[in-house]
Structure formats: C-alpha cells, structure tokens
Amino acid sequence: MSSNTVQNPGPAVPDASPVHHSGLTWWKTLVTGAVCAAVVNLIILAVAQLAGASLVVVDGGEEHPITVGGVIGASVVPLVAGTGAALLLSLWKLLFLRIAQYTGGGLALLSVAGPLSSGADGGTVAALSLMHITLGVTVVIALELHRRHRLL
C-alpha cells in the first residue's frame, strides 16, 4: 500500500437510527388506562378491607356491597367508553384529547359527591372517593400519553 492511498473510513452518511415515538398508540392507551385504573382501585379496595371499612353502601334502604367485580367493572367500563370516544374524536380534531382530559378529570372529581353523600362509614367513603379520583387521574394521564404520541 502506498502512502497516498485513502483507506475507507466507513459510510459517508451514518445509518439513520430508528424513529422512537414516546407515548402510546390508541389501543395501548385503552389497555394501559383500564389495567392501571383497575389495579390501583383493587389495591384501594384491599387496603380498605384491611382497615376494617364496611364496604357497604345503603341506597334506598338496600345494602349494596362493594365487590372485586364491581370495582373492576366501575373502573374499566367508564374509562374505556370515555377514552375510546375521545380517541375516535381525536382522529377528526386532535383538540378533543385535551377537551377529554379536562372533561374526564372533572367528571371524576364531581362524581366524588356520590360517595361523600352515601352515608356509609368513613373508611368506605374514603375508599370510594379515592377510587373515583384514581379513575380521573388515569384518564388524564392515559390521554396525555396518547397525545404525546400523536404530536411526534
């Protein structure tokens, strides 16, 4: 090899790194939100049971026990319905994600009035109130993660 031979230092243009999107796709948003809300609310239920809360709500003279199935259903169904509607509307206008964050969080906070006026014992009221707040926080966070995915 002569001294004026140039050795190949590699490609002139570096390989493009794969695009990494932060945030969640629409289906991951629904699944993650539903699972997170259900798990956190089940933890709240377990702590309330361990603390000795009655976990019974009296409505119209009838006792309604708070069960694992009821907590899962009350956590998953509203979240999937509301978040799913927001995700569909966001296909038209991205602004609906932000509107849904305020609406979902606000409705969850307003729904705390139900447990507060239920007349149940303090532990049950505290547990139910925390479950409602958890659902609102989960909706806001899940939609924000999807919004970030859409913005990139």
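Key figures for this structure:
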quantity	calculated
The range 1-39, residues that are open to solvent by less than 60 Å² (accessible area, probe 1.4 Å), at pLDDT 65 or above and farther than 13 Å from residue 142 by Cα	38
Matching residues in the range 50-73 - criterion: being surrounded by 15 or more Cβ atoms within 10 Å (Cβ to Cβ) and over 14 Å from residue 33 (Cβ atoms)	53, 54, 55, 57, 66, 71
Within the range 37-152, helices (runs of 4 or more DSSP H) holding 3 or more residues that are within 29 Å of residue 23 (Cα to Cα)	68-90, 95-110, 122-151
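The values are calculated or read from the model by the stated rules, or taken from the named source; none is laboratory data. Computed from a predicted model, the values in this text were never measured in an experiment. Note that each Cβ is placed from the backbone with ideal geometry, even for glycine, and that neighbours are counted across all protein chains shown. In case anyone asks, the SASA skips ligands and DNA or RNA and just uses the protein heavy atoms, side chains included. Shrake-Rupley method; radii C 1.70, N 1.55, O 1.52, S 1.80 Å.
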